[in-house]
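Chemist: Below is one structure. I have some questions about it.
Each reported figure results from applying straightforward, stated rules to the coordinates on display, with no laboratory input. The shown structure was predicted, so the numbers you read here are calculated from the model rather than taken from an experiment.
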Amino acid sequence: MYRLLTYLFASVWLINGLLCKVLGLVPRHEAIVARILGPAHAGLLTRLIGLAEIGMAVWLLSGIRRRWCVLAQIVLVASMNSLEFALAPDLLLWGRFNAVFAGLFVLLLYYYEFVLPRPTPTPLR
């Protein structure tokens, strides 16, 4: 279960970062950035955010300082969704209902890191 959730979380960051933001396949993401940070550099900022999200996936998969990685995800998801909820609800896929999915994602992250036991590493032979 732990490994499955690791890959699930990493895929969420990778898909949102690469497909939605870096490759621009979901223009709504750039519109949200433009609404919150201003339209002047929204394209560049959206791609930079996408690169940071890809970095989050790599960090999670690396296993380095996993607890800090999960805490960073919780803070980022909560803060990003709070800003979007307040400033751009009309641009969200499910409007203000997005907050429910963000909350569930945060709770699952918490369960993953602080409740679910980590698998024991197998020794190399």
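Chemist: Over the chain, with a Gaussian network built from C-alpha contacts below 10 Å, which listed residue (Ala57, Ala99, Ala86) shows the highest mean-square fluctuation?
Modeler: Its mean-square fluctuation being the largest, the pick is Ala86.
Chemist: Rounded, prolate or oblate: which one fits the chain, using the alpha carbon gyration tensor with axes a ≥ b ≥ c (rounded when a/c is under 1.5, else prolate when a/b beats b/c, else oblate)?
Modeler: Prolate, since a/c reaches 1.5 and a/b exceeds b/c.
Chemist: Can you check what the Kirkwood hydrodynamic radius comes to for region 1-73, Cα pairs only, in Å to one decimal?
Modeler: Its Kirkwood hydrodynamic radius stands at 12.7 Å.
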